[in-house]
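Here the structure is laid out as structure tokens; the discussion comes afterwards.
The values are calculated or read from the model by the stated rules, or taken from the named source; none is laboratory data. None of these values were measured; they are calculated from a predicted model. Cβ coordinates were reconstructed from backbone atoms using ideal geometry, including for glycine residues, and neighbour counts include every protein chain displayed.
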Amino acid sequence: MDLGIRGKRALVCASSKGLGYGCAEALAEAGVDLVINARGSEALEAAAERLRGHGVNVTAIAADVTSEEGRAKVLAEGPFDILVTNAGGPPPGIWSDWTREDFLKALDANMLTPIALMTAIVPGMVDRGWGRVVNITSQSVKAPIAQLGLSNAARTGLTGYVAGTSRQVAAQGVNINNLLPGSHDTDRIAALNKAASEKQGVSLDDARRAHQAGIPAGRYGTAAEFGAMCAFLCSQHAGFIVGQNVLLDGGATVATI
Ligand code: NAP
């Protein structure tokens, strides 16, 4: 399927690895020029080189997108037709441990950073009459993950913001949606499995196997599968999809609709 976005320009945040990279690669395959971002420059430059193999222009900006200075660096590369927001997720823990500071950090990274990026980029999309925004959130907005309370809280706040804002810009050709990952095979899941294996006193392999067995699909998702859905939401075909929360979780969230 031709996604109809060849020659568009996208900012894909937090994209040297994992789900962000999956999104960047699927957009590159669709002919989209990219600005990619991560804090560490080594993996970022390597990712940029791989993405250039798809014949698109790629600019790599090493910066912490959750800081104001970092955002200024990526925003200076605009204008953008497509925005994919992403950043690392908050650490796991227990409700009684989390302080106000922990919450502010999580809100900053996983709610206020995507909102700041949309606030900066969406007006240009509205002026040009076309834009696509995909926010990478989490399955935890549909069904909470107890040990990820900081993530549950921050991402649900972003989801509420998108629900209203997406409906205010849809008539101007700007579509904002959220993509909700369940468990995907990335460094993030490896870190969560490590924490689980230590807590439960089991091997890393056993923790991983037990986790995958609990997913109806019987496995983790891949960054490529995730990226393909992201690219579709950024495509010409997605113009009637507004303010939706698309769950990619192998069936893990048990709900009828
Ligand atoms: P990942 O494999 O750990 O990759 C994270 C990427 O983001 C790396 O490129 C990392 O590079 C970059 N990054 C992290 N913090 C950043 C920051 N502050 N500024 C700029 N770049 C940053 O993570 P992932 O699994 O792809 O997860 C992506 C998001 O989806 C996270 O918020 C995660 O919590 C959420 N999620 C993931 C899963 C899953 O199963 N994987 C499930 C639900 C939700 P640097 O470290 O060099 O900055």
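Yes or no: L204 within 10 Å of the ligand (Cβ to nearest atom) and modelled with pLDDT under 95?
No: the conditions fail for L204.
Criterion first (surrounded by 13 or more Cβ atoms within 10 Å (Cβ to Cβ), of a type outside the set (V, I, T) and at pLDDT 95 or above) does G251 satisfy it? Steps first, answer last, please.
Values: surrounded by 13 or more Cβ atoms within 10 Å (Cβ to Cβ): no; of a type outside the set (V, I, T): yes; at pLDDT 95 or above: yes.
Answer is no for this residue.
Any residue at all in the range 108-119 that is within 16 Å of the ligand (Cβ to nearest atom) and without any contact (Cβ under 8 Å) to a residue 24 or more places away in the chain?
Checked against the condition, which is being within 16 Å of the ligand (Cβ to nearest atom) and without any contact (Cβ under 8 Å) to a residue 24 or more places away in the chain, the range 108-119 yields at least one hit.
Hey, can you tell me all the residues within the range 200-215 that are surrounded by 12 or more Cβ atoms within 10 Å (Cβ to Cβ) and of a type outside the set (K, R)?
Residues satisfying the conditions are V202, L204, D206, A207, A210, H211, Q212, I215.
Residue by residue through the range 59-84, note down the ones that are more than 10 Å from the ligand (Cβ to nearest atom) and among the polar types (S, T, N, Q).
T59
Just give me the residues in the range 166-199 being more than 17 Å from C230 (Cβ to Cβ), within 8 Å of the ligand (Cβ to nearest atom) and among the β-branched types (V, I, T), in sequence order.
I189
Mind listing just one residue for me: the one in the range 209-254 that is out of contact with any Leu (no Cβ under 8 Å at 6 or more places or on another chain) and part of a helix (DSSP H, G or I) and, of those, farthest from I189 (Cα to Cα)?
The selected residue is A238.
Given the options I94, I61, name the one that is among the β-branched types (V, I, T) and either at positive phi or within 18 Å of the chain's Cα centre (by Cα) (or both).
Just a single option satisfies the conditions, and that option is I61.
Kindly indicate which of A76, A109, A48, A72 is at pLDDT 95 or above, among the aliphatic types (A, V, I, L, M) and touching a helix residue (DSSP H, G or I) at 6+ places or on another chain (Cβ under 8 Å). Even if it seems obvious, please write down each step before you answer.
On the way: A76 fails: touching a helix residue (DSSP H, G or I) at 6+ places or on another chain (Cβ under 8 Å); A48 fails: touching a helix residue (DSSP H, G or I) at 6+ places or on another chain (Cβ under 8 Å); A72 fails: touching a helix residue (DSSP H, G or I) at 6+ places or on another chain (Cβ under 8 Å).
Among A76, A109, A48, A72, only A109 is at pLDDT 95 or above, among the aliphatic types (A, V, I, L, M) and touching a helix residue (DSSP H, G or I) at 6+ places or on another chain (Cβ under 8 Å).
Do we find that G31 is more than 24 Å from G221 (Cβ to Cβ), in contact with a Gly (Cβ under 7 Å, 6 or more places away or on another chain) and not aromatic (F, W, Y) in this structure? Talk me through it step by step, then tell me what you get.
Numbers: more than 24 Å from G221 (Cβ to Cβ): yes; in contact with a Gly (Cβ under 7 Å, 6 or more places away or on another chain): yes; not aromatic (F, W, Y): yes.
Spelling it out, G31 is indeed more than 24 Å from G221 (Cβ to Cβ), in contact with a Gly (Cβ under 7 Å, 6 or more places away or on another chain) and not aromatic (F, W, Y).
V169 - would you say it is more than 30 Å from K199 (Cα to Cα) and touching a residue at least 24 places away in the same chain (Cβ under 8 Å)?
Judged against the criteria, V169 is a match.
Pairs please, first residue from the range 216-230 and charged (D, E, K, R), second anywhere and assigned to a helix (DSSP H, G or I) and more than 10 Å from the ligand (Cβ to nearest atom), Cβ atoms under 6 Å, 6+ apart in sequence or on different chains.
R219/Q212
Between a first residue in the range 31-52 that is under 22 Å from T113 (Cα atoms) and more than 8 Å from the ligand (Cβ to nearest atom) and a second residue that is in a helix (DSSP H, G or I) and of a type in the set (G, A, S), which pairs have beta carbons less than 9 Å apart while being 6 or more apart in sequence or on different chains?
Partner pairs satisfying both residue conditions: L34/A24; L34/A28; L34/A48; I36/G20; I36/A24; I36/A47; I36/A48.
For the range 74-170, which fully contained helices (runs of 4 or more DSSP H) count at least 3 residues that are farther than 30 Å from A190 by Cβ, in contact with a Leu (Cβ under 8 Å, 6 or more places away or on another chain) and polar (S, T, N, Q)?
none
Could you go through the range 4-27 and let me know if any residue there is among the hydrophobic types (A, V, I, L, M, F, W, C) and without any contact (Cβ under 8 Å) to a residue 40 or more places away in the chain.
no
Out of the range 76-116, which residues are of a type outside the set (F, W, Y), in contact with a strand residue (DSSP E or B) (Cβ under 8 Å, 6 or more places away or on another chain) and either surrounded by fewer than 22 Cβ atoms within 10 Å (Cβ to Cβ) or farther than 19 Å from R167 by Cβ (or both)?
Correct list: E77, G78, P79, D81, I82, V84, N86, T113.
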